[in-house]
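Working notes, structure below.
The values are calculated or read from the model by the stated rules, or taken from the named source; none is laboratory data. Given the structure is predicted, the values throughout are model-derived calculations rather than measurements. No Cβ is skipped: glycine too gets one built from the backbone with ideal geometry, and neighbour counts run over all protein chains shown. What goes into the accessible areas is simple: the full protein's heavy atoms, side chains included, and nothing from ligands, DNA or RNA. Shrake-Rupley method; radii C 1.70, N 1.55, O 1.52, S 1.80 Å.
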Amino acid sequence: MTNQFDLTDDQRAIQEMARKFTADAITPFAAEWDEKHIFPRETIKAAAELGFASIYVSEEMGGIGLGRLEAALIMEAMAYGCPSTSAFISIHNMASWMIDRFGAAAVKEKYLPQLVTMDKIASYCLTEPGSGSDAAALKTKAVRDGDHYVVTGSKAFISGGGENEIYVTMVRTGEEGPKGISCLVIEKDMPGVSFGANEKKLGWHSQPTAQVNFDGVRVPVENLVGAEGEGFRIAMMGLDGGRLNIGACSLGGAQRCLDEAIGYTKDRKQFGKAIADFQNTQFMLADMETELQAARALLYIAAAKVTANAPDKTKFAAMAKRLATDTGSKVVNDALQLHGGYGFLQDYPIERFWRDLRVHSILEGTNQIMRMIVGRELTRQ
């Protein structure tokens with residue numbers, strides 16, 4: 001008998017499809033992508049053939065029209081092989097969803113067919129060199145000139161910067177603060193768009209990250225997503241889903257490292273017996289499993305709330321993101337410890353996951369900002 005805390009048969013089928021794709025197309029190659037800083041565009045495009053580029057894009061626009069829990073299952077499964085690649089696909093999904101959910105017919109028809117197939121890949125552009133956590137202070141300006149906006153400014157830490165063709169960009173069309181922000185779709189090859197050098201990063205080596213610069217870029221007014229002044233609300237709604245996906249990427253990476261640690265401690269012998277037979281090892285593994293399952297349960301509940309548009313969805317997305325990313329990093333750190341000196345070597349996958357998962361407690365809103373969101377909700381009542 002199934003209950004409300006179990007996955008449905010359809011959800012299990014989606015999870016299994018994502019796991020199989022990961023085992024075949026991601027896991028065997030992820031270490032090389034990391035070491036050589038390879039952006040696996042063909043693999044990412046192959047994920048789109050399974051519908052993983054348009055998980056919550058509506059079926060009438062060519063997407064697979066699923067909910068946030070299904071998206072989390074897919075991201076978690078792919079992060080088991082490579083969190084960096086899974087997170088990159090998550091960001092594309094967030095940008096595509098924003099166009100589908102809030103865009104008028106013209107902008108949807110113009111971009112979604114190629115985003116669904118990943119013939120074009122989308123970036124999400126909110127953060128700027130001077131506004132990270134204080135996103136509503138963004139300075140990139142869009143000034144109306146006839147049937148175009150003229151856009152000037154810069155965006156920082158953009159996943160896919162310089163590689164991707166589409167940039168869903170938050171710009172200032174009005175007053176200071178959140179009410180003056182709008183959302184525009186900007187193309188890579190529009191005159192005046194340029195990119196900084198590829199950032200040298202601790203982790204996430206399988207995806208490019210760069211600054212995106214706009215120097216008097218003329219963007220058609222029909223590329224507006226939502227109405228003028230709605231951009232900040234749209235950006236924040238996008239982040240509810242993005243936070244769930246980043247949390248899911250931490251769960252998948254941590255699960256991989258827990259599995260690796262179990263295998264390693266059963267094989268590795270010290271003092272005449274497998275280190276898995278020592279009670280200390282078993283206690284560590286038990287805590288890793290317990291905390292990972294707890295974080296997963298909260299994330300799945302939050303995903304159901306975001307899908308249902310529940311009034312407390314943002315609070316739950318923030319709690320789930322905070323817990324899943326902190327727990328993920330702790331589990332991977334403990335897995336590295338259980339591997340001893342070998343965990344520090346690139347011959348084993350643990351150090352790559354340790355590096356990749358570290359950024360998850362920073363992006364899509366830092367975990368300090370997640371606490372602010374939750375605390376504000378609790379004291380507002």
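As I understand it, the value is the acute angle between the Cα axis of helix 68-79 and the longest principal axis of the Cα atoms of the chain; what does it come to in degrees, rounded to 10?
60 degrees
Select from V306, M288, T325 the residue farthest towards the positive end of the dipole of the stretch 287-326; place +1 on Cβ of Lys and Arg, -1 on Cβ of Asp and Glu, and compute about the Cα centre.
Of the listed residues, the answer is V306.
Over all directions, average the projected area of the Cα convex hull of the stretch 64-185 and note it in nm².
Details: hull surface 34.3 nm².
Mean projected area for the stretch 64-185: 8.6 nm², to one decimal.
Based on the Kirkwood radius over alpha-carbon pairs, what is the Stokes-Einstein translational diffusion coefficient of the stretch 1-114 at 20 °C with 1.002 mPa s viscosity, in µm²/s?
Rounded, D is 144 µm²/s.
Multiply the residue gap between D24 and T152 by 0.36 nm, knock off their C-alpha separation, and tell me the result in nm, one decimal place.
Length gained, D24 through T152: 41.8 nm.
Could you state the angle between the C-alpha long axis of helix 231-267 and the longest principal axis of the C-alpha atoms of the chain, as a value from 0 to 90 degrees rounded to the nearest 10?
Approximately 20 degrees, to the nearest ten.
Report the label-to-label distance for S58 and L345 in nanometres (one decimal), using points 7 Å from each Cα along the Cα→Cβ vector.
Going by the 7 Å Cα→Cβ label model, 5.5 nm.
Pulled fully out, how much extra length does the chain show between A31 and F278, if you take 0.36 nm times their separation in residues and subtract their Cα-Cα distance?
Here the segment from A31 to F278 would lengthen by 85.9 nm.
Please compute the per residue accessible area over the chain with all protein chains in place, 1.4 Å probe, rounded to a whole number of Å².
43 Å²
Counting pairs of Cα atoms in the stretch 241-381, how many percent are more than 21 Å apart?
Result: 46 percent of Cα pairs exceed 21 Å.
How much of the accessible area of the chain, probe 1.4 Å, is carbon plus sulfur, in whole percent?
Answer for the chain is 54 percent, counting heavy atoms of protein chains only.
Which of the GluC sites (Glu not before Pro) across the stretch 133-198 are loop residues per DSSP, with 12 or fewer other Cβ within 10 Å?
Passing sites in the stretch 133-198 are E175, E176.
Compute the orientation-averaged projected area for the stretch 314-355 from the convex hull of its Cα atoms and round it to one decimal in nm².
Projected area, direction-averaged: 2.8 nm².
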